[in-house]
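One structure below.
The values are calculated or read from the model by the stated rules, or taken from the named source; none is laboratory data. Worth saying up front: this structure is predicted, and the values here are computed from it rather than measured. Reconstructed Cβ throughout: ideal geometry from the backbone, glycine too, with neighbour counts over all protein chains shown. We work out accessible area using only protein heavy atoms, side chains counted, and drop any ligands, DNA or RNA first. Shrake-Rupley method; radii C 1.70, N 1.55, O 1.52, S 1.80 Å.
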Amino acid sequence: MKILFIIPAIIIIVMAFQQLSGFTSTSPIFLNGGSPQSQNKDKGIGPFQNVKLNPVDLTKAKNGAAIYNSKCILCHELDNKKVGPPLRNIVKDFTPEFILNMIVNPLEMQKNNATVKDLLKKFNNVPMPDQKLSQPDALLLLEYLRSVTK
């Protein structure tokens, strides 16, 4: 019988902590540190042209983390420059469409997108290989990147 009182009490404490800290797992993460739009309006080249972001889904983010760890971590760290740029706060600098198009269409983006050409210069002209990720996998990866943004 005590368990019936303990579980709601724990839930209330966790919810109060989330409110006080400003964190909830369902809080939307906006681009550019609180702005609903990135200052860089470049959507890139590819199938993603009008992405609407919902609050971060932690289950999808977990699946995206698995993709990151199998496909991206060799060249990208979250906080430090490696072969490619650090990715922790990438959603603050680029539109979701740009990020998604870079994931699923890196070869054309590198060939024809001015923003990517400039990035290549900063990273020793090392091109991003096409990891052959599907659009659904790209969305999971974006969800992970949104979940780790500071």
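Of the listed requirements (1) open to solvent by 30 Å² or more (accessible area, probe 1.4 Å); (2) under 22 Å from ASN50 (Cα atoms); (3) polar (S, T, N, Q); (4) under 18 Å from the mean Cα position of the chain (by Cα), ASN112 misses just one: (4). Considering the stretch 115-150, the residues that are over 17 Å from ASN40 (Cα atoms) and acidic (Asp, Glu) include one that is farthest from the chain's Cα centre (by Cα), namely ASP130. In this structure, ASN125 does not satisfy being open to solvent by 30 Å² or more (accessible area, probe 1.4 Å), on the phi < 0 side of the Ramachandran plot and polar (S, T, N, Q).
Of all residue pairs spaced 6 or more apart or on separate chains, those with beta-carbon atoms under 6 Å, a first member in the stretch 90-110 that is under 16 Å from HIS76 (Cβ atoms) and without any contact (Cβ under 8 Å) to a residue 40 or more places away in the chain and a second member that is of a type in the set (A, V, I, L, M, F, W, C) and open to solvent by 10 Å² or more (accessible area, probe 1.4 Å) are ILE103/LEU133; PRO106/MET128. For LYS92, the conditions (1) surrounded by 16 or more Cβ atoms within 10 Å (Cβ to Cβ); (2) in a loop (DSSP other than H, G, I, E, B); (3) modelled with pLDDT of 50 or more are fulfilled apart from (2). Report yes if PRO129 is of a type outside the set (Asp, Glu), modelled with pLDDT of 95 or more and in a loop (DSSP other than H, G, I, E, B), otherwise no. Yes, satisfied. Check the stretch 77-85 and report whether any residue there is acidic (Asp, Glu) and either closer than 17 Å to GLY44 by Cβ or touching a residue at least 24 places away in the same chain (Cβ under 8 Å) (or both). No, because not a single residue in the stretch 77-85 is acidic (Asp, Glu) and either closer than 17 Å to GLY44 by Cβ or touching a residue at least 24 places away in the same chain (Cβ under 8 Å) (or both). Within the set GLY84, GLY64, GLY44, the sole residue that is within 16 Å of THR115 (Cα to Cα), at pLDDT 95 or above and not hydroxyl-bearing (Ser, Thr, Tyr) turns out to be GLY44.
Can LYS60 be described as under 16 Å from the mean Cα position of the chain (by Cα) and charged (D, E, K, R)? Yes. Would you check if LEU78 is surrounded by 13 or more Cβ atoms within 10 Å (Cβ to Cβ), closer than 30 Å to ASN113 by Cα and modelled with pLDDT of 95 or more? Criteria met by LEU78. On the basis of being of a type outside the set (Gly, Ala, Ser), under 17 Å from LEU100 (Cα atoms) and either open to solvent by 70 Å² or more (accessible area, probe 1.4 Å) or at pLDDT below 50 (or both), does PHE23 make the cut? Against the criterion (of a type outside the set (Gly, Ala, Ser), under 17 Å from LEU100 (Cα atoms) and either open to solvent by 70 Å² or more (accessible area, probe 1.4 Å) or at pLDDT below 50 (or both)), PHE23 does not qualify.
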